[in-house]
Amino acid sequence: MTLKETVLTRLKETFPDAKMVLTDTTGTNDHWHLEIASDTFKGMSRVKQHQAIYKPLRDLIDSNQVHALKITTFTAENWPHG
């Protein structure tokens, strides 16, 4: 399983209703931009949303497999990708 597949699988397990786009921003497989929509985010502060996203990825971040992760969150109704 690729790193991208691992990240997406873990996030899908954590946020089953999520719609996601994960983009390798540098081509080096360690700098990512995550766009994620989930109704789980309703009523949560941006900090809490990001903490919830980081939690299942903590070991990948701590081991520097994921060096940078830009996160853009949405609720399902605000998802811009159709």
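Read-outs throughout are calculated quantities, based only on the coordinates presented, and are distinct from any laboratory measurement. Treat the numbers as computed from the prediction; the structure is a model and nothing was measured. As a convention, Cβ positions derive from the backbone with ideal geometry for all residues, glycine included, and neighbour counts pool all protein chains shown.
Quick look at the numbers
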{"read-out": "Amide H contacts under 5 Å for V66, placed H, 5+ residues apart", "value": "I61"}
{"read-out": "10 Å binning of all Cα-Cα separations within the chain, expressed as whole percents from 0 upward", "value": "18, 56, 24, 2"}
{"read-out": "At most 11 other Cβ within 10 Å, DSSP loop - trypsin sites (Lys or Arg not before Pro), region 3-82", "value": "K42"}
{"read-out": "Crossing angle, helix 3-14 versus the chain [Cα axis fit, 0-90 degrees, rounded to tens]", "value": "30 degrees"}
